[in-house]
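Computed from the coordinates by the stated procedures, all read-outs in this text should not be read as laboratory data. Not measured: the values here are computed from a predicted model. Here the Cβ positions follow ideal geometry from the backbone for every residue, glycine too, while neighbour counts run over all protein chains shown.
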């Protein structure tokens, strides 16, 4: 579940002060899971941290639990069974939210059989560790004219949950837009038409932006942390944007916020991030990075603080 914070200063004041930067520089972030654990999503449930990742090691959705965000214990597959209209072993970027007390909803990316696109499905469970069961008989978001949809996240605004995702435009040569729509009370359907938020438009982003994380601040503003460029190498990096409302307009920071270069090579291709509130009341950024042979992506954790709406890592 994405988090909400009290962080203060307005977007106008930040722009006037020229402080829309917040770039990370050089801290070393040793991996806390030295195994394939990409695109992490983290919630707090039953007094523990529960982390989910993209498919790995023959699991559709690997899960790990921790008491301190440093030592993790792997669990069983959170989504062991998929319907016949989903191609197995191609599940990505899960997002889990406790939509109501004791009821958990997972939004996951998977490859649909027809149309043969990556799209967003939905599953439910009464246990954060699963097993989750896919709901319905089709994908929740799957626009063929936009290349499909991937990388779902959620944010609660005025007592309503909203889904945020990226259309998979780079798969068919069109723009990649972050989009949002309200959810029904049970979280199983969209309750309105999608609104486009922002797209790739800076050189460092390459042909795509993806993996949105939305932070709703107590002063009413929003910060979006996102990933961009090809996930396959060092070019993958994180950026951010700020807005006064979820539907925008959004103002991007210039250049990448966290990158292989800004971390001085300590993490290769950092991205696929999530934000969680730690037990000490401070925030942590969880993200993946490649191992030295570029075979799999490991889980890293870093301290996250705020300069107004601007995220600062380390």
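Quick notes on this one:
- Peptides 227-235, 243-251 ranked from most to least packed, by the mean per-residue count of other Cβ atoms within 10 Å: 227-235, 243-251.
- Most mobile of 143, 212, 94 in a GNM of the chain (Cα contacts under 10 Å): 143
- Each of 59, 90 has some number of other Cβ atoms within 10 Å of its Cβ, and from fewest to most they run 90, 59.
- At R0 = 22 Å, FRET efficiency that the Cβ-Cβ distance of residue 185 and residue 278 yields, to 0.05: 0.15
- The order of 205, 264, going from fewest to most other C-beta atoms within 10 Å of their C-beta, is 264, 205.
- In this structure, residue 245 and residue 138 have a Cβ-Cβ separation that, at R0 = 35 Å, corresponds to a calculated FRET efficiency of about 0.70.
- Normalising the average separation of contacting C-alpha pairs (under 8 angstrom, six or more residues apart) by the number of residues puts the relative contact order of the chain at 20 percent.
- Backbone N within the stretch 87-105 under 17 Å of label point (7 Å from residue 114 Cα along the Cβ vector): 87-88
- Paramagnetic label zone (point 7 Å from Cα along Cα-to-C-beta, residue 85; backbone N under 14 Å) in the stretch 111-148: 111-117, 119-123, 134-144
- Option label - Kirkwood radius over Cα pairs in Å computed here, alternatives (i) 22.7; (ii) 19.2; (iii) 21.8: (ii)
- Span from the the stretch 165-238 Cα centroid across to the the stretch 33-52 one, whole angstrom: 21
- When 156, 305 are arranged by Cβ crowding within 10 Å, least crowded first, meaning fewest neighbours, the order is 305, 156.
- Measuring max minus min along each principal axis, the C-alpha atoms of the stretch 25-96 give extents of 44, 30, 18 Å (largest first).
- For the chain, calculated [θ]222 nm from helices alone, where every DSSP H run of n ≥ 4 adds -39500 (n - 2.57): -500 deg cm²/dmol
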